[in-house]
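Here the structure comes first, spelled out in structure tokens, and everything after it is commentary.
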Amino acid sequence: MGKRSTFSGKLGFILAAAGSAVGLGNLWRFPYLAAKYGGGMFLLVYILLAITFGSVLMITEIAIGRKTQLSPLKAFGALNKKWSWLGTLATIVPILIFPYYCLIGGWVTKYAAVMVSGKVSEAAGDSFFKSYISSTSQPIIWFLVFMAATTLVVVFGVNKGIEKFSKVLMPLLVFLTVGLSIYVVTRPGALAGVKYYLLPNIKDLSFKTFLAAIGQLFYSMSLAMGIMITYGSYFSKEESIEKASRHIEIFDTAIAFLAGLMIIPAVFVYSGGDKSALGTGPSLMFVTLPKVFSSMPGGNIIGALFFFLVLFAAVTSSVSILEAIVAGVMDRFNVKRITATLLVALYGTVLGIACSFGFGIWDSVKIIGFSILDFLDFVSNSIMLPLVGMLTCILVGFIIKPDAIISEIELNGKFTIKKFYIAMVKWIAPIFIFAILVSGILQNFGILNI
Ligand code: TRP
């Protein structure tokens, strides 16, 4: 195998990894979960999990990638022959996420188009979103647009070209999100929302909150699915894994936090006191933001710009999800890149259409009580991600031993949280993740009631 090219410098690595990590997970998924699972309590649990399990797993995956110089499918096998199945398990996650990620990407595309055509007040109407997603052909057309864009980028290998725009567009997105959250929190009535979002209330603490938070954490930071192993395999031996991990985490969490600060108080301001709107779920961002834009001067232009930037962040992520699957398929089945890409795109299209029908003509189709999209989301985020995360800790803690990872990290000086790392990876993380997984699932199905 040839030597892998490395990113130019630490900043290049952090920007690339963060660019792939920041996407709909931060902007679309985090706010609706935080709204649904008790605001402040969700935020608190999320941040606690991020600085413990999140950082341990981020460090571990980057180190595994840099140590083995391999893709996730092969990396686990290189660490221990008997554990190569964990690479397969990790690769299944992007396969489950890809179809519905692109469907949501299609929703974003539609909203960007609506804003550009100046129909912001129409989009702010109460039934606009519902009637859009429940119609048969409209959401599928926009989904196909998004899917085609993602596929074309991968087929022509132009993602490097697109990443160049990240340097301008990502900061612009951050800047706009800060501006919008300031606008929202200074509206009359927003204070109650800010309090709901920032102040934890003990009665909101439940296993479900933990399960939702841990799934979201891994999803948002692209952990427990092989992605950070791939990035790690390109990470320079000269740079500090510990520092780079911390930067990616802080950046990713900051964006999710801001998205919540922009959307959750807006629910209080614009829903006319209807708190049940907090439990809306996946539609929250699409229902709430147009109301914000239609209330502000120049809202049409700002709304168009905002949804365009979200679209950009979504495309960079969907491209990297597709890339990851394609790399896996090529590794495993020895097919050409173009064949692999088209097959995966075809699979994603079929399943994505099924997800979309789940909101309309197939809305009576339920899999263990979930709509098709919610089912894929639940299996990937609430089951697979915690499971792969837990197994990775067990592999490192007991099979290859923490020292194997620690020595990789110590190639660049001191590992400042070594003791903490060993305790976490061996005991605390696997035991807690297991407890969260089992109790959260039981509670989700109403079997456990506390
Ligand atoms: N982390 C991305 C986000 O927050 C989503 C994501 C999931 C992803 N799996 C991925 C991104 C794989 C890149 C590669 O939206």
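Miscellaneous remarks
- Ranked by the mean number of other Cβ atoms within 10 Å per residue, highest first, peptides 139-149, 296-306 order as 139-149, 296-306.
- Here the simple spin-label model places points 7 Å from the Cα toward Cβ, and for Q69 and K401 these points are separated by 2.4 nm.
- Protection proxy ranking for 356-363, 382-389, using the average of other Cβ atoms within 10 Å per residue and placing the highest first: 382-389, 356-363.
- Computed extension gain for K167 through L342, at 0.36 nm per residue and net of the alpha carbon distance, reaches 60.1 nm.
- Pairwise centroid distance, computed over Cα atoms, of the stretch 196-263 with the stretch 343-374, Å: 27 Å
- Multiplying the residue separation of V145 and V158 by 0.36 nm and subtracting their alpha-carbon distance yields 3.0 nm.
- Local electrostatic count at T253 - Lys and Arg +1, Asp and Glu -1, tallied over other residues with Cβ under 14 Å: 0
- If you take the Cα centroid of the stretch 99-164 and the Cα centroid of the stretch 383-450, the two points sit 36 Å apart.
- Rel. contact order, % - alpha carbon contacts under 8 angstrom, at least six apart, the chain: 33 percent
- Surface analysis of the chain yields an accessible area of 40 Å² per residue, using protein heavy atoms and a 1.4 Å probe.
- A simple charge model with +1 on the Cβ of Lys and Arg, -1 on the Cβ of Asp and Glu and nothing else charged puts the dipole of the stretch 65-194 at about 680 debye relative to its Cα centre.
- Carbon/sulfur fraction of accessible area - the chain, other protein chains in place, 1.4 Å, %: 70 percent
- FRET efficiency for the pair M296 and A254, taken as 1/(1 + (r/R0)^6) with r the Cβ-Cβ distance and R0 = 30 Å, rounds to 0.80.
- Relative to the longest principal axis of the Cα atoms of the chain, helix 337-357 runs at roughly 40 degrees.
- The angle between the Cα long axis of helix 159-185 and the longest principal axis of the Cα atoms of the chain comes to about 50 degrees, rounded to the nearest 10.
- Charged side chains reduced to their Cβ positions (Lys and Arg at +1, Asp and Glu at -1) give the stretch 178-289 a dipole of some 340 debye around its Cα centre.
- The helix-only estimate of mean residue ellipticity at 222 nm for the chain, built from DSSP H runs of length n ≥ 4 each weighted as -39500 (n - 2.57), is -22500 deg cm²/dmol after division by the residue total.
- Count, lysine Cα pairs under 18 Å in the stretch 317-450, 8 or more residues apart or across chains: 4
- When the chain is treated as a GNM with alpha-carbon contacts under 10 Å, the residue of G279, G193, G39 showing the greatest mean-square fluctuation is G279.
- Taking a Cβ cut-off of under 15 Å around I95, the surrounding Lys, Arg, Asp and Glu residues balance to a net charge of -2, with basic ones at +1 and acidic ones at -1.
- For the stretch 1-98, relative contact order (Cα pairs under 8 Å, six or more residues apart, normalised by length) works out to 12 percent.
The values are calculated or read from the model by the stated rules, or taken from the named source; none is laboratory data. For clarity, every value in this text was computed on a predicted model and none was experimentally measured. Heads up, the Cβs are rebuilt from the backbone with ideal geometry, glycines too, and the neighbour counts pull from every protein chain shown. Quick note on the areas: whole protein, heavy atoms, side chains included, nothing else; ligands and nucleic acids left out. Shrake-Rupley method; radii C 1.70, N 1.55, O 1.52, S 1.80 Å.
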